[in-house]
1. Restricting attention to the range 56-73, which residues are farther than 18 Å from TYR17 by Cβ and either open to solvent by 50 Å² or more (accessible area, probe 1.4 Å) or assigned to a loop (DSSP other than H, G, I, E, B) (or both)?
2. Pairs please, first residue from the range 89-114 and under 30 Å from GLU18 (Cα atoms), second anywhere and modelled with pLDDT of 70 or more and open to solvent by less than 100 Å² (accessible area, probe 1.4 Å), Cβ atoms under 6 Å, 6+ apart in sequence or on different chains.
3. Answer yes or no as to whether GLN76 is open to solvent by 50 Å² or more (accessible area, probe 1.4 Å) and outside any helix (DSSP H, G or I).
4. Answer yes or no as to whether LYS31 is open to solvent by 90 Å² or more (accessible area, probe 1.4 Å) and either at pLDDT 95 or above or part of a strand (DSSP E or B) (or both).
Amino acid sequence: MVLLQPDPFLNELTSMYERNREKGSVWVTLKRSCLRPKGKRKLEIDASEYKCLVRATDGQKTISTVLSAKDHVRFQASYATVLKAHMDALKKRERKDKKKVAEADKQKASSKAT
């Protein structure tokens, strides 16, 4: 796993999405982490010291970054931009027209009754 700074992480995430545009998946996970030195105890950690561990993988390559509380808002805005840019590869869901479904149900019910 490669630990990157937030901006290079977003650049690499963008290239991951582009490599997997036609076929494949990219998984992104966010997790609260304290990432403290081994000498500190759990009780000594303040809420402001918690960090956010962000990992992304496409099954072949895994990248990660660590965010502090002050960088979180800026990262989320940049991450949202990356997601919006690459959401066009999703398949559209087929929606059934309610009128057609109701008519089909009526026809099935009338054919069973006779």
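1. SER68, ALA69, LYS70, ASP71, HIS72, VAL73
2. These pairs meet every condition: ALA89/ARG21.
3. Judged against the criteria, GLN76 is not a match.
4. In short, yes.
The values are calculated or read from the model by the stated rules, or taken from the named source; none is laboratory data. Keep in mind the model is a prediction, meaning the values are calculated, not measured. Cβ coordinates were reconstructed from backbone atoms using ideal geometry, including for glycine residues, and neighbour counts include every protein chain displayed. These area figures cover heavy atoms from the full protein model, side chains too; ligands, DNA and RNA do not enter into them. Shrake-Rupley method; radii C 1.70, N 1.55, O 1.52, S 1.80 Å.
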